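Here's the structure we're looking at; comments come further down.
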Amino acid sequence: MEVKIEESWKEALKDEFGKPYFENLVRFLHREKAAGKTIYPPGGQIFKAFELTPADKVKVVILGQDPYHGAGQAMGLSFSVPDNMPAPPSLKNIFKEIHDDLGITMSGRPNLEKWAGQGVLLLNASLTVQAGMPNSHSGIGWTEFTDAVIRWLSENRTGIVFLLWGSHARAKKELIDTSRHYVLEAAHPSPLARGAFFGCRHFSKTNAILTAEGLSPIDWQL
């Protein structure tokens, strides 16, 4: 399979695409599609995070778990949905924290491409999901691939801010060289966390780190 992915990532991850787990993953997706199952996001958007945020431009990583499994929601960026969709509950809580942290008014616009274009890699641990079945593709090989992405960034870049929200994301800390990078941990923004995410101030903290690194801060306003 020819993986359509931005050139800097294609070079960085070239060894992964030929490994048995990735070939099995591709075969699985083809079989599921041939069986008439609906898979999100659409094929052309599976690697959208990589298209919008080249490997050498990554400044921040926000790690999600799974694409949205409802029709029209998943777009290949963690936590993001297209502009014609309402913001999901976790994203609403992210916006509330940005408002409380930075004092900026968010429009509620749920498309996070503006962040991706500034160097925020919006990476889900799994890049596909079967419609209506959360975590249905968590065991098909995507975790190996996205773990390799995190390892590559850890080993080949410096000064990246990794935002790890919730236990699933926080488990990825072991992949990150914390002597070279910054890791900020918090509860998941989901309402199921009963507000534990609020007050983490990750957005101002991230910008303070980037500024100290001599990099431009992220304009979080949407």
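The values are calculated or read from the model by the stated rules, or taken from the named source; none is laboratory data. In this text, all values refer to a predicted model and were calculated from it rather than measured experimentally. Counting neighbours? That spans all protein chains shown, and the Cβs are built from the backbone with ideal geometry, glycine included. Just so you know, the surface numbers come from the protein's heavy atoms only, side chains and all, with ligands and any DNA or RNA stripped out. Shrake-Rupley method; radii C 1.70, N 1.55, O 1.52, S 1.80 Å.
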message: What's the total number of residues in region 69-79 that are more than 9 Å from the chain's Cα centre (by Cα) and crowded, with 17+ Cβ neighbours inside 10 Å?
response: 4
message: Quick check on SER136: is it hydroxyl-bearing (Ser, Thr, Tyr) and touching a His at 6+ places or on another chain (Cβ under 8 Å)?
response: yes
- prompt: SER126 versus (1) of a type in the set (Ser, Thr, Tyr); (2) touching a helix residue (DSSP H, G or I) at 6+ places or on another chain (Cβ under 7 Å); (3) over 17 Å from SER190 (Cβ atoms): which is the lone unmet condition?
  reply: (3)
- request: Any chance you could count how many residues in region 83-98 are exposed (fewer than 15 other Cβ atoms within 10 Å of the Cβ) and closer than 19 Å to VAL120 by Cα?
  value: 1
message: What's the number of the only condition in (1) on the phi < 0 side of the Ramachandran plot; (2) modelled with pLDDT of 95 or more; (3) open to solvent by less than 50 Å² (accessible area, probe 1.4 Å) that ASP66 fails to meet?
response: (2)
statement: By my count, helices (runs of 4 or more DSSP H) wholly in region 1-80 with at least 1 residues that are under 22 Å from GLY119 (Cα atoms) are 7-12, 14-17, 48-52
- prompt: If PRO110 satisfies every condition in (1) surrounded by 21 or more Cβ atoms within 10 Å (Cβ to Cβ); (2) at positive phi; (3) over 14 Å from the mean Cα position of the chain (by Cα) but one, which is the exception?
  reply: (2)
task: Quick one: count up the residues across region 36-63 that are modelled with pLDDT of 95 or more, more than 17 Å from PRO110 (Cα to Cα) and open to solvent by 50 Å² or more (accessible area, probe 1.4 Å).
output: 6
- request: Determine whether SER126 is part of a loop (DSSP other than H, G, I, E, B), open to solvent by less than 30 Å² (accessible area, probe 1.4 Å) and over 23 Å from ILE218 (Cα atoms).
  value: yes
field: Selection from region 151-177 of residues that are surrounded by 22 or more Cβ atoms within 10 Å (Cβ to Cβ) and either of a type in the set (Phe, Trp, Tyr) or in a helix (DSSP H, G or I) (or both)
entry: LEU153, PHE162, TRP165, ALA169
task: Collect the residues in region 14-25 that are modelled with pLDDT under 95 and either among the hydroxyl-bearing types (Ser, Thr, Tyr) or closer than 19 Å to GLY76 by Cα (or both), keeping them in residue-number order.
output: PHE17
